[in-house]
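The values are calculated or read from the model by the stated rules, or taken from the named source; none is laboratory data. Here the structure is a predicted model, which is why all the values come from computation and not from measurement. Neighbour counts run over all protein chains shown; Cβ positions are idealised from the backbone, glycine included. Surface accessibility is based on the protein's heavy atoms, side chains included, excluding ligands, DNA and RNA. Shrake-Rupley method; radii C 1.70, N 1.55, O 1.52, S 1.80 Å.
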Amino acid sequence: MKKNIYGAVAAVAGAAGAMLTVASPPASGVDLAYGEYIASSCFTCHRADGVDTGFPRITGRPAKEVLDLLTAYRDKIRPNEVMQAIATQLTGEEAHAVAHYLESLKSRLTKAD
């Protein structure tokens, strides 16, 4: 069942809850439309056009890299209370959807890392 991402965004101000399970994407594939829906909240801070203005570029990054970063935030290996709170609220399905959606934006970037 798909979870309401706005609940996760609201949890940013508070501490984390359930652990993110980063597993293989569903056999039927990754739902990029669902990833786009979830990623819309990412663009509150990170820019959709890939320009780094103090927040790292997330568009066009390989999905595995995004998943690794989300896992590191979830496990509190990478320091950032906001990202830790967000990562702990994402399900495995949501994490995969957003990671693959962000990767799909690679062709839209005007500037690469």
Say we look at segment 72-87 and pick out the residues that are under 21 Å from Tyr37 (Cβ atoms) and either of a type in the set (Ser, Thr, Tyr) or over 10 Å from the mean Cα position of the chain (by Cα) (or both); which of these is surrounded by the fewest Cβ atoms within 10 Å (Cβ to Cβ)?
-> Val82
Expected output for segment 37-55 (first residue under 11 Å from Leu105 (Cβ atoms), partner of a type in the set (D, E, K, R) and open to solvent by 60 Å² or more (accessible area, probe 1.4 Å), Cβ below 7 Å, 6+ apart or cross-chain) is Gly50/Lys111
Which residues, counting only those in segment 88-113, are at pLDDT 90 or above, surrounded by fewer than 21 Cβ atoms within 10 Å (Cβ to Cβ) and small (Gly, Ala, Ser)?
-> Gly92, Ser104
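Here is a yes/no grid of residues against (1) at pLDDT 95 or above; (2) more than 21 Å from Arg74 (Cα to Cα); (3) surrounded by fewer than 13 Cβ atoms within 10 Å (Cβ to Cβ):
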residue	(1), (2), (3)
Ala13	no, no, yes
Ala18	no, no, yes
Gly29	no, yes, yes
Leu32	no, yes, no
Tyr37	yes, no, no
Ser41	no, no, no
Val51	no, yes, no
Gly54	no, yes, yes
